[in-house]
Structure formats: C-alpha cells, structure tokens
Amino acid sequence: MRRLWPILLLLFSLPYAGVAHAQSSAPLTSVQAVKALTNAEAAHSLPVKIEATVTYVRPTEKNLFVMENGYGIYVRFGQDIGLLPGDRIAVTGYTEPSFRPIVVAKEVRFLAHGQLPVPVPAKFEDLIKARLDSQYVQITGHVLSTALDTSQSFNSLRFRVRVPDGTVEGIMAHPGKLRPEDLLEADVRMTGVAGGEYDSKMQLAGMWLDMNSWKDLEILHQPASDPWSLSAIPIDQIVSAYRFSNQSQRVLITGTLTYFEPGTLAVVEQAGGLSVLVKTRSTLPLHAGAAVEVTGFPSIAEESVFLEDGQLRAAAQGVPIQPRTIDWENASTGKYAYNLVAMEGEVVGVVHDSRVDLFMILAGGHLFSATLRRSSAGASLNTSAAATPTVGSTVRVSGVCFVDPGDHWHDRLWFDIRMRSLEDVVILKQPSWWTVKRMAYIVSVMSGFILIAVIWAGFLDRQLRRQTGIFARQSQEDAIRERRLARQEQQRSQILELVSSSAPLPEVLKEIQAMVSSRLLGAPCWFELHAATEARRKPPNDPGIVSQELFSRDGVSLGFLVATPILKHSAEAEISAALLAGARVAQLAIDTRRLYSDLHHRSEYDLLTDIPNRFSMERTLDELMQSGRRKEGAFGLIYVDLDRFKQVNDRYGHRTGDLYLQEVTRRMKLQLRTNDVLARIGGDEFIALAPILRSRADAEEIAIRLERCFDQPFDLEGLHLRGSASVGLAIYPEDGTTEEELQRSADAAMYAHKEGKRHIDGITAELRR
C-alpha cells in the first residue's frame, strides 16, 4: 500500500485542485444562484454569502428553510439562535450536494424581524416533480390520518392528507392546543414548506410539508360524521371497502391488539383467527392484549390486505386472544399470517444488538426466526425475571407470525415470530453440558500438546539441516545475482515499450517501482509526485530514506523517487545508480504521457468552449447511426446557429465574442440530459445529439429548451447583451438514414426557423410603423 499511494495521489490531484479553486472563487450571493447549481457543481463546496427570509426552523435539528425572490433552499446549521419564521438572516457557508444543492452554514446572523412570503398554491403534480422544492406553499385536502408524535423532546403533530392526484405527509412543529381528533376526516388548507421523503440514495419517495404552528392550518369543513361512529365490521370483510388509487372507504374494526410498534404498525386479531396489519402513526400508550377500536382505509399489496392511515383508541372490552400452537409446516404456508401463535424448537443462534434480540430456532428440521424489537410497545415492560435462552436450549416462543411476501400457492414462505417481550420466550429444556463449544475446547487443548511436540521435533531437524544449507546457499547466491541482472535489463526494455505505447501512466510508474525495488534487493520504493497546483515540496528528511528528484523536460520539478534501502545489503553507489536509472525512465514516461494527453484533448475538443469539436461529434454520430441500424432505435440531431453573432464580434471585439460563446455553451449544456452531447462545429454553429428518445416530442422539448435559454440577457464584463439562436431538428431514421441526410435535414429546419423569425420580425417592424 505504501507503494500505491503516490499513484493514487497523481490520479486524484486534478479533481482536488478543482475543489481548491472553487473554494477560492467569489461567493454566491443569492438563493437563485445556489438553486441554479447542479449537484456536481455543489459538490465543489462553493462559497455562499446570502440574505434571505426564514420560512421554517426544524426543532429537532435547528436547520432552516429560507426563501428569497421566489426561490427556496435548505440550510444546514444545527444551532439554536432563537430564529422565528419571517426573520431576515445573513448566511455564510458553502454548498453541498443533496436531493438538490443545499447550503452548509458556518455562520447565521439575525438581521431583522420580517414577514413570511406569500404562499404559492401547490398542486400534487408540482410537488411530486419537485418544482416547488423548499418553497413556501399552500395545499388544500382531506385529512386521512393524524397523530401526536411524542418520540422527541417536544410534541409535534404528524398528518397525512389526500389531495387531488395523490397524498401528502407532513409535520406541524408547534400544534398548540390542536388535537388529532379535531382534524380527522376534515377538509383543511395548510401552509408550509414543500419538501419530500427520500430513500437512502436521496431519491424522492414521497411528498412532505413542514408546518410551523397551528396558525398555518385552516379547517374549511368539519368532518361530515365522526369516524368512530361507523359500524364495526369483521376483519375478513374490510376488503369490500377497498378502491383503487387511494379512493378506499374508511372502515371501523374492533378486536384485541396483539402487537404494537408505536408510530409504525399494529396487529389486531378477532375471535376465530381473523387478523389484520395496521399501518399507523399513533403513539398512544397501548400494549399487546388491550381491546382496541381501529379505523382506517383498506389497501392491498402483494396479495395481502392491510389497513392504511390507521387510527387507534382503547375500547371498553374485548375477547382475550390466546396463542395458537402450530408447527413449521402450518406457519410456512402463510395461513397464520398476523395471527398470535406459539411454536417450539431448539435455539441454534442468538444475536443481540441495540435494536433487536434475534433467536434462530430449529423446528422439525427447518429454521425460523423469533425477534424482539426494541421499538415494540411491550419491549420496555419489566422482564427482569425472564430468563434469556442460550444456544442449545429447547424453547417455546409466542408472538405474531409475520410472513415474507411470496408465491404462497407454490412455495413455502419465510416467517418471523415477532415477540412482545422476553416473557414470550419459555425455556423448556436447558442445553446439554456436552456441547460443540466444550468439545472444541478439549480438542484445542489436545492439539496444543501435539503441536508443541511437533515444533520441538522440527527445531531439532532444523538445526541439522541448517548446517548443510549454508553451503548450498552460497552457490545459489551467485546464480541469483546473474538472473537478477538479466531480469533488470528485461524490465527496462518492457518499461520503454510501455512508454512508447498507450499504456496508462500509473501502470508504467508501477513497473519502474518494481525495477528499482528489484535492484535494491526488494527494498520498498515509491513516487512522491507534486499535484498540478501544488508548490514544490522538499525531499524527505528521514535518515532511513533516500530520494532522487524528477524534472520535466522544461526543468520543472515533478516530485521524488523515494526508497528505504537496507544499507548493509546495498552500497551507496548502487542505491544512487538504481534511483537515477528509475528517475530518468519516469521523467521520460511522464513527459511523454503529458504530451500525448494534451495532443489528444486538442484533437477532440474545442479549445474555447471545451466541448467536443466537429471531428469528435462526427465520430459520435457515426456510432449512433450504427447502433440505430442494429437496434432499430431513434435519436435526434439538433442544429443550433447563433443569430447575429458577427455583430457581437464587430461591435464589441473578439474577447467579448469569446465570452459570449462560453456563456452560450454553459447555458445550453444545462438544458441537456446526462446522455446528450453538445459539440461546436463552427464559429457560431453547434450540434446537440440526443441518443435516447421515446418520441419526437422528447427531441422537440430539448430544442425548445435550447432556444429558450437565450431568453435571459447576457452580462459580460459590464455589457448587457441579448442573444438568440435558430434551431433545427432531425430525427433518425424519420428525417434521414445517413449522416449527410440528417445534417441536411437539421440544417434546412434551422434555416426555415431563421427565416420564420425574420418574417415575424419584419411584420412586427411594419406594425410599429
């Protein structure tokens, strides 16, 4: 590893240099500028210095949502300085990638008390497409479920609201005297900050609304009836109220609570083995065995019916549910899913961690798991008297049978018995003293004695062989020395071949290290190369390390070739000769590779805009044509010609023209997708290739975005310029099956577009007269 880190330093020096440059650039001074960044740009930790209005303060994290001029962002701060919604603040920090670019605040300074922005009416389509991410919005909907969250140091109100086309979840940080029962089945208008729920990859997985207080909620219509006044129905009839697309009817059931994880899920069972899973936000102090009433909406997933948006409350009385003793055959069919059951077997594995106690149990030659989750309502009960089983024990476990989804008509299903407390584990039989662990211990002790005897016999044999080996070693050393010299020459020839070929530089440097290490009798050897933007460092000052400085062809220091030779085995002259030979070959390799890389980049990319040139574009277009013929696919070619670009050069000079081209390139790249390619094929001519199309409308949308990116004026060194472009589109194979036909079609479409704009401009000028 010590030999590899200089190579890794060389490979990653360019991205790190880019980050250092970004951090030293001028700070972003508006929320809009931060919002316009991509996550790739935000990852460079760009400096930020903005003023904005606080729209929400997360009590658990002290992080903020802020807005300015209709744009909102998330600010990670983590300190409580007494900010309130509507406060004007100054934020100093840097950017960081997330679902959208965010700001990590190093300092937040209060400026003045102010007013919250006017909320934007939001539709579900706008929210789910993240068009209003981090903005102050207002929604109107029907409350499906609501619960008071007491898991934090403060109480908050969580809710789920049905709006046209979908559902929105959220939290009210300061509900005041507002109660969950006041909102259930009510029509409401809510104001807050639009956010989202995200998976572990920071992909949007649901819509979220952060509300400040009870003042941000207006009840438009009280519930038409009390949800708890519905007639209770049997569990096996709740599917009759199911409707597709979140249109199910609310139902009411009664039964016994057999399992409860507050804020997550519950299981309710009725006499006769009828049971159902309930997804709920409720955190009421309920425990297994309690009689409950549950109201919620039927839903179906993976051939299983459950209640969604469940609301729970204690009932006057219920029927006690006793665990039904079953075996593995019955449990694996799924017929006892979500029933309170009991099973017996032998513990073959035990795992304890901060979240779950897990027991692997063998029953009838089959394995199943029994778990006690710390989030279960009964896990906190006093179980000090309960004995914890060990491996080898025969136990009887009681709990609710959770079955993994699968094709239960053909396959046996994996199931898990979820216990309520350790009292659900009863030890029927302690493990035998003669266990595998104890037997392994005895065998280990006996093996130790045998090993000692073998080592002693080997020591005596070694002493005998050592005397005879000394003579053989001396004769072998001469032969090894000759082979080493031959191998060193062979290595040098191979390295020169790699230098003259297109082998990667790290591979060449690795071979040079191996050659120098071989000449130094296997001593560690590595390169310490300067980064592109790094100042020249001093050679290593360790007395046990020797080095040779590397210089480029123009005399610039490249770094050092370093080794840690064993001096008693290598003379100083041999060490210097080996390092010098390695340094010369390394200098040649580095200079050659830099020259090759520079020539290759110049041949493939436009030097002004740093995007592919005509030759690179034609090669990409040829590859798309070949792929399209093989797969019968379609792709788009968009021809872009800048209008009146010659007037920019003639009036303001070529430097302004170059800046204009660079800004035009940057704007157009932002309009393209990840797989799209933008190339400059002439002075004011560009071509965009769209390899992946579902229809012609996809390409037309890209063309429109390219044309519209000229709507905003260009600010170039104090000059305020307006630009435009003419755009032409051609689709393979609809508009041509060869490169010439496609470019000709796109060129014709572009000129038709240009002439159309000239005609419109002429009509406009005539009307102004």
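Below is a table of values for the structure above.
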{"quantity": "Exposure ranking of Glu125, Glu572, Glu269 by accessible area [1.4 Å probe, largest first]", "calculated": "Glu572, Glu125, Glu269"}
{"quantity": "Radius, Kirkwood style, for the chain when every pair of distinct Cα atoms is counted (Å)", "calculated": "34.2"}
{"quantity": "The chain - percent of accessible surface contributed by carbon and sulfur, probe 1.4 Å", "calculated": "54"}
{"quantity": "Residues of type lysines that Lys429 reaches as a straight line, Cα spacing below 22 Å, ignoring anything fewer than 8 places off in the same chain", "calculated": "Lys437"}
{"quantity": "Three-way shape call for region 561-652 based on the alpha-carbon gyration tensor, with the a/c threshold at 1.5", "calculated": "oblate"}
{"quantity": "Mean separation of Cα contacts under 8 Å, 6 or more apart, over the residue count of the chain: relative contact order %", "calculated": "6"}
{"quantity": "Alpha-carbon Rg/Rh ratio, for region 620-769, with Rh computed the Kirkwood way", "calculated": "1.01"}
{"quantity": "Region 85-194 - Kirkwood radius from inverse mean 1/r over Cα pairs (Å)", "calculated": "16.1"}
{"quantity": "Solvent-accessible area per residue for region 547-611 (1.4 angstrom probe, square angstrom)", "calculated": "55"}
{"quantity": "Fraction in percent of alpha-carbon pairs per bin - 5 Å, region 623-697", "calculated": "3, 14, 22, 20, 14, 11, 7, 6, 3, 1"}
{"quantity": "Cα-based radius of gyration of region 259-366 once divided by 2.2 N^0.38 Å, which approximates compact folds", "calculated": "1.20"}
{"quantity": "Accessible surface of Tyr74 - all protein chains present, 1.4 Å probe, nearest 10 Å²", "calculated": "30"}
{"quantity": "By accessible area with a 1.4 Å probe, ligands and nucleic acids excluded, highest first: order of Asp622, Asp216", "calculated": "Asp622, Asp216"}
{"quantity": "Set Lys62/Lys177; Lys49/Lys123; Lys215/Lys279; Lys106/Lys215; Lys35/Lys757; Lys646/Lys754 screened for pairs whose C-alpha atoms are more than 25 Å apart", "calculated": "Lys49/Lys123; Lys215/Lys279; Lys106/Lys215; Lys35/Lys757"}
{"quantity": "Probe 1.4 Å - accessible area at Arg487, Å² to nearest ten", "calculated": "120"}
{"quantity": "Value of D in µm² per second that Stokes-Einstein yields for region 115-168, Kirkwood Rh from Cα pairs, at 25 °C (0.890 mPa s)", "calculated": "192"}
{"quantity": "Area of Cys709 that stays accessible when all protein chains are in place (1.4 Å probe, Å², to 10)", "calculated": "10"}
{"quantity": "Solvent exposure ordering (accessible area, 1.4 Å, most first) of His44, His654", "calculated": "His654, His44"}
{"quantity": "Share, in percent, of DSSP beta bridges within region 102-255 that are antiparallel, nearest 5", "calculated": "80"}
{"quantity": "Peptides 32-40, 686-694 ordered by average Cβ neighbours within 10 Å, highest first", "calculated": "686-694, 32-40"}
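The values are calculated or read from the model by the stated rules, or taken from the named source; none is laboratory data. Just so it is clear, the structure is predicted and the values come from calculations on it, not from any experiment. Using ideal geometry, Cβ is built from the backbone for each residue, glycine included, and neighbour counts are taken over all protein chains shown. Quick note on the areas: whole protein, heavy atoms, side chains included, nothing else; ligands and nucleic acids left out. Shrake-Rupley method; radii C 1.70, N 1.55, O 1.52, S 1.80 Å.
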